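Since every read-out is calculated from the coordinates, none of them should be taken as a lab result. Note that the structure is a prediction, hence the values are computed from the model and not measured. Note that each Cβ is placed from the backbone with ideal geometry, even for glycine, and that neighbours are counted across all protein chains shown.
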Amino acid sequence: MLQQISDDRHILIDALPFPYFQTDRAFFITDRSISAKTRFPSTKSFFDLIDIHSRPKLQRWTKERKGRALELNLVHGDGSIHLYDVYLVPAAPEAIHLFCIDKDQDLHRVGLLIEKVEKELLHMNYTLMHEKSELQKSLHYLQEQSLRHDQLNTVAKIAASIAHEIRNPLTSVRGFVQLMRPYLDQIGKGSYVDVVLSEIDRANQIIYDLLHLSKPTQGERQAVALAPLMEEVVLFCQSDLLIHRCAITCDTPDEPIIVVANAKQLKQVLLNMIRNSMEAIAEAGRTDGHIRLSLQATERYAQITIRDNGTGIPPDRLERLFQPFFTTKQKGTGLGLSVCKKIIEEHGGDIYVQSELGQGTTFILLLPLASEPI
């Protein structure tokens with residue numbers, strides 16, 4: 001898989017009609033395109049390719065890291081000097097991408113390339129809209145079938161067979177779009193990149209949900225203390241909570257509450273529930289958003305409660321909330337809660353939901369207590 005991504009990346013880089021370099025933070029060259037090898041002499045440092053009068057510009061940039069483009073005179077392999085716009089794109093952890101456009105030779109070719117990309121994006125958009133329509137018809141059919149039959153396993157098999165085939169080309173498309181960002185930014189169309197990347201990430205999320213729907217959730221189980229697990233999940237969500245302007249509290253008893261479970265799968269369930277609550281609070285437009293997690297033990301079960309003060313769910317939608325492909329969100333897939341319910345039920349537990357429109361929603365998770373004290 002990693003080798004395939006690397007090969008795809010080099011194909012994209014070598015297709016660029018202008019020189020491309022990858023360097024470390026000290027501008028020692030770690031990779032270059034065919035165009036760069038053709039025009040410039042082989043050297044270890046990008047500084048060696050810069051005319052002596054232009055070097056101070058790059059030296060200032062290394063100290064200040066201001067701006068995304070520099071006008072530099074670069075020396076070709078035949079000794080001739082050409083004026084270039086050099087676009088510098090820092091990348092994690094220590095790499096810098098340099099796209100070098102000859103102001104005399106390359107601008108016209110870049111314009112043609114951008115025009116071609118625009119046409120391909122329009123065609124891709126039309127194709128995606130058509131495929132979306134077909135997918136919606138297929139999903140509607142599957143949804144109707146699932147009401148009459150136990151369709152979940154069938155959907156899972158279909159998901160597993162197509163998800164892997166979709167993920168690889170999406171990775172290549174994402175890489176190509178990111179490489180094109182500097183040129184689209186130059187002509188004021190950088191927003192195209194954000195739209196495409198957003199939709200690719202959404203497609204990847206759908207694939208992730210489908211794959212988890214298709215996998216058996218038995219997994220490796222062991223004794224799990226719920227209080228530390230809940231606190232770890234809350235800590236993991238802190239950055240998202242700040243973005244959604246939500247506060248969160250986690251109330252757990254002093255005595256340990258132990259269940260036999262797959263810890264990773266329980267974390268997946270709690271993360272999904274908390275993210276649903278954050279989205280409901282954001283949709284409600286609250287500035288006092290609050291999510292409360294609490295843990296208690298009954299005679300046979302551990303009870304985890306997740307309560308929010310978000311939009312709430314209409315009563316007519318509560319009955320279908322855990323059905324595959326049913327969602328109350330504009331951009332939801334209708335798979336997240338189905339996966340959560342499947343995980344909890346295969347642990348011998350259950351999920352209940354209570355909601356009041358305009359006031360908020362409460363999810364109650366029940367899990368069997370460990371039969372013997374740990």
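A few points about this structure:
- With the simple model of a label 7 Å out from the Cα in the direction of the Cβ, residue 288 to residue 264 spans 4.2 nm.
- Counting charges near residue 270 (Lys, Arg +1; Asp, Glu -1) among other residues having Cβ under 12 Å from its Cβ returns a value of +1.
- Summing charges over neighbours of residue 41, with a neighbour being any other residue whose Cβ is under 15 Å away from its Cβ, gives +1 when K and R count +1 and D and E count -1.
- Net lengthening on full extension, residue 300/residue 178 (0.36 nm per residue, minus Cα-Cα): 38.6 nm
- One decimal place: the segment residue 112-residue 68 gains 13.6 nm when fully extended, by the rule 0.36 nm per residue minus the C-alpha distance.
- Formal net charge of residues neighbouring residue 250 (Cβ-Cβ distance under 13 Å; K, R +1; D, E -1): -1
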